[in-house]
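Below is one structure, written out as structure tokens; the observations come after it.
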Amino acid sequence: MLTPNLDQSISVSMLTSAYAVWGAGALTALVGKDRIKPRLSSNFLLIGSVLLIVGVLTGWPHHVTWTMISHVQLLFTPLEASIDPLSSIFLLLLGTISAAVALFSPGYLESYKGRIQPGLYWFSIYSFVTAMSLVILSANAITFLVFWEIMSISGVALVVAEHKRRRAQKAALIYLGISRVSVTFLIAGFIWFHYLSGSWSFSDWHCNQPGMLMPSILVFIGLAIKTGLWPFHSWMPYIYESVPAPVAVLLSGLKIKVAIYAMIRLLVLSGAPNEIFAFVLLTLGTISAIWGILFALVQSDLRRLLAYSSVENVGLIVIGLALAMLCQIHGLWTIATLALAAAILHSLNHGVFKSLLFMNVGSIEKAVNSTDLGSLGGLSKRMPWTLACFFIAAVSIIAMPPFNGFVSKWLLYQSIFQLSFQSHLIVDRIFSFAVVGILSLIGAMSVACFAKAIGISFLGRPRSEAVTNAHEISTGMIVPQVALAVLCILSGVFASDLIAFFDPVLRGIAPAAASVALAQQPCNVLATLPTKFVASVGLLLILLFYLSVLNRKEYALRQFSTWDCGYGNLPSRAEETGSSFSQPIAIMFRPLLQYKVINKIVGKDKRHFPELIDVKSSMVPIIEQYLYRPSIAAFGGASRILGTLQTGSIHVHLLYVFLTILLLICIGTQL
């Protein structure tokens, strides 16, 4: 344990104060009055988040370890916390998003009166955020598992917040199921690591040592399930379409990043297991990216669109981690540093712009009580602030310069290009060029996906009466969205300054002799990007457009009919829909999407004089249809067979116990 200096002691004290404030907020949520719970709980969450951010910045970039609860041990292991540069980066993201959720939630939850219990909801929020932060701070496997379980249980409580809805109940069961499977793999991997290393401490685990491959695979699967990486992604659309928007923000913006953090900590910085492991991760990441954006493009609901978009971005992050592992093994430390910087930066960027997107969708849902693209349209004039924030988040996620998504993807492209030129192995070059081509396709489909989301939602005419009567949301909900939108811009414009913040983390991936110089490589790459120049020119053009067009008051307002091509006043049904927008691509990928178009025409002479035409499209997720559903059915059948052993007789159960003991004795004597 390191002896903390003054700054480190202040940092630990600030973190402890943040948890004390959150604890007070959780207690208030349980015992306070319902009418004051949202605002009071929001203030406690905001204050605790600010204290967390201040505490992390005060102790930066030192490394300090301390015992959480003195004289309390589990499996002869104390509950230890450790803060270092890597954990600090993810804690800053957690504090930022938690603060935004604290500001956004009270206004949003007004539409949930009578549908959720405020006390349970806010208590679960505090438990979830606290557990996530303590998972990040965990210094050993026992501490990690304790708070991982608290995070999972509180996450289930948040998913089932609107417990009267059948969809929420189904989503909670799905989330509970994947949480049980995830923690099973993690426990198995951690026990195996402990068996080989003789320690529960993460600092004593090194995945590149002999015999560490199998526990590394188990830990990776446990974490991949939580991130939603392909093929473990099927749970995400069910969860994200069923939870309140602030919960979706926490799940996508933070919970996924906690699992990514664990991957970096346990599988990258501790040494890559082997080359095959890295190639498997690279393949899974690539499939996840193309699979996610393809299914996102053909969705007709904004929440499901964003859920599949998260699958895509998790794939991009895993590609960066896989490249970092591969370059570690080959001794290409410069590229390894670039790839790790790309993965970490994209994790942070995705946390910001995906949180903003879910807040935008929450605003739309509150205004029109729907997220179905078929019932939206025409929101641009009714919700201009939401449109502006949605646009900034969209251009960030599709990697348009100078926004933050462009910078992290640029680093990812640079690492792949450099690997293709510097590696002497033909396999590396083939994989590199293949991944570049696939990423180009993903980028194009991402542009189409969010052009569809913005165009169908905000442009055109209203497709429902609710949209016609919609108006902008409250200021309390707009402020956190504007703050995150500004952060999307600033973290892209000043990316080279931000990436310098990662130096202490990037040094950990390379040998000590070269680590200082290599940590500067991402800064050198970003120094060639004219992000500040592009931002300045963009700001100047916006100002000139405003002064020359929007701010001209000398002309009277003129109203006239738009040219209608001779068709007259067409109804909103004649406009482009989400399904028709993506139908050409859906037809191209029909085998993967299992895409079908069902036409229903009614009438006596339906060929010439149809009375009713109904066109519906459908898709079947093939992973869910042909893998998970048969597996669940088989598991259910096996459970029913085993259920016949439950006779209710104490004598039979004692016989089972006796036979089990005999079996264990026989196995033990053979080992």
(message) I want to make sure I understand the PRE zone here: with the label point 7 angstrom from the Cα of GLU624 toward its beta carbon, which residues in the stretch 248-292 have backbone N atoms less than 15 Å away?
(response) 292
(request) Using amide H atoms built 1.01 Å from N in the peptide plane, name the residues 5+ places from SER617, or on other chains, whose amide H lies under 5 Å from its own. (result) ILE598
(request) Using the heavy atoms of the protein chains and a 1.4 angstrom probe, tell me the accessible area per residue for the chain in square angstrom. (result) 45 Å²
(request) Keeping every protein chain in place, order VAL21, VAL314, VAL657 by accessible area at 1.4 Å, biggest value first, i.e. largest first. (result) VAL657, VAL21, VAL314
(request) Distance check, please: which entries in LYS170/LYS616; LYS366/LYS596; LYS170/LYS596; LYS452/LYS606 exceed 28 angstrom between their Cα atoms? (result) LYS366/LYS596; LYS452/LYS606
(message) If I model a spin label as a point 7 Å beyond the Cα along the Cα-Cβ vector, how far apart are those points for ALA434 and ARG180 in nm?
(response) 3.7 nm
(request) Have a look at TYR308, GLN209, PRO244 and report the one farthest towards the positive end of the charge dipole of the chain, computed about the Cα centre with Cβ charges (Lys/Arg +1, Asp/Glu -1). (result) PRO244
(request) Grab the beta carbon distance between LEU425 and LEU196, set R0 = 35 Å, and tell me the FRET efficiency rounded to 0.05. (result) 0.75
(message) Kirkwood Rh and Cα-based Rg: tell me the resulting Rg over Rh for the chain, rounded to two decimals.
(response) 0.99
(message) With just the Cα atoms defining each centre, how far is the stretch 141-209 from the stretch 226-247? Give it in Å.
(response) 16 Å
(message) Can you compute the modelled spin-label distance between ALA444 and VAL615, with each label point 7 Å from Cα toward Cβ, in nm?
(response) 2.4 nm
(request) Could you pull out which residues in the stretch 213-234 have an amide N less than 18 Å from a spot 7 Å beyond the Cα of ALA634, following the Cα-Cβ vector? (result) 231-232
(message) Can you sort LYS226, LYS616 by solvent-accessible area, 1.4 Å probe, largest first?
(response) LYS616, LYS226
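Would you mind telling me the share, in percent, of accessible area of the chain contributed by carbon and sulfur at probe 1.4 angstrom?
Numbers: 20400 of 30220 Å².
Within the chain, the accessible surface is 68 percent carbon and sulfur.
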(request) Can you tell me the FRET efficiency between ILE641 and MET214 if r is taken as the Cβ-Cβ distance and R0 is 41 Å, rounded to the nearest 0.05? (result) 0.85
(message) 7 Å from Cα along Cα→Cβ at both MET400 and ARG461: what's the point-to-point distance in nm?
(response) 2.7 nm
(message) Considering only C-alpha atoms, what is the centroid distance from the stretch 477-504 to the stretch 609-659, in Å?
(response) 46 Å
(request) Kindly state, to the nearest 0.05, the FRET efficiency for ILE287 paired with ILE153, given R0 = 30 Å and r defined as their beta-carbon distance. (result) 0.45
(message) Given the -39500 (n - 2.57) contribution per DSSP H run of 4+ residues, what per-residue ellipticity at 222 nm results for the chain, rounded to the nearest 500 deg cm²/dmol?
(response) -22000 deg cm²/dmol
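The values are calculated or read from the model by the stated rules, or taken from the named source; none is laboratory data. Since we're looking at a predicted model, the values are computed, not measured. A quick note on method: Cβ atoms are made from the backbone with ideal geometry, for glycine too, and the neighbour counts reach across all protein chains shown. Heads up: the accessible areas ignore ligands, DNA and RNA and are worked out on the full protein's heavy atoms, side chains in. Shrake-Rupley method; radii C 1.70, N 1.55, O 1.52, S 1.80 Å.
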